[in-house]
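What follows is a short report on a single structure.
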Amino acid sequence: QVQLVESGGGLVQTGGSLRLSCTSPGGIRAYVMGWFRQAPGKERNIVASISWNGGRTFYSDSVKGRFTISRDNAKDTVYLQMNSLQPEETAVYYCAADTGASLSTREGDYDYWGQGTQVTVSS
């Protein structure tokens, strides 16, 4: 069992930045990692994902150029740097781990999930 713990959420003004972190006591260096978000009343959607060695990344169209996913396998930690945040990006952000080899964007492909961290962007 992989326990994922997110941190770094909070309240930020429009145009501001936050950096989310996700770590696991058991280690995540072998896994594809993804960040998803779920706004109130909406489905959970992929934001970004990264291969086990950081060599490949994926970003949803809405965050390209503003968000950066990265990982430090020595620390078993994945990050999501979010810049130029907008009110419509208010959501619970989830970290997820995929034990498969491909860089998946599908929620169902991810095997382990964190509890989520709230990000609120005020207008």
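For the reader, a short list of remarks on this structure follows.
- Antiparallel bridges, percent of DSSP beta bridges restricted to the chain (to nearest 5): 90
- Each principal axis of the Cα atoms in the range 23-123 has its own extent, and those three values, largest first, are 39, 25, 24 angstrom.
- Pairwise Cα distances in the range 1-81 exceed 21 Å for 28 percent of all pairs.
- Counting protein heavy atoms only, the chain has 45 percent of its accessible area on carbon and sulfur, 1.4 angstrom probe.
- Here the Karplus curve 6.51 cos²θ - 1.76 cosθ + 1.60, taken at θ = phi - 60°, turns the phi angles of the range 39-56 into couplings of 7, x, x, 10, 6, 7, 10, 5, 9, 7, 9, 8, 6, 4, 9, x, x, 10 Hz, with x standing for Gly and Pro.
- Of interest is the spacing of the C-alpha centroids, which for the range 81-123 and the range 1-51 amounts to 4 Å.
- For the range 44-88, the solvent-accessible area of protein heavy atoms averages 50 Å² per residue (probe radius 1.4 Å; ligands and nucleic acids excluded).
- Highest mean packing first, where packing is the average number of other Cβ atoms within 10 Å per residue, the peptides 55-66, 108-119 line up as 108-119, 55-66.
The values are calculated or read from the model by the stated rules, or taken from the named source; none is laboratory data. Predicted, not measured: the structure shown is a model, and the values here were computed from it. For neighbour counting, all protein chains shown are included, and Cβ atoms are generated from backbone atoms with ideal geometry for every residue, glycine included. Surface areas here come from the heavy atoms of the whole protein model, side chains and all, with no ligands, DNA or RNA. Shrake-Rupley method; radii C 1.70, N 1.55, O 1.52, S 1.80 Å.
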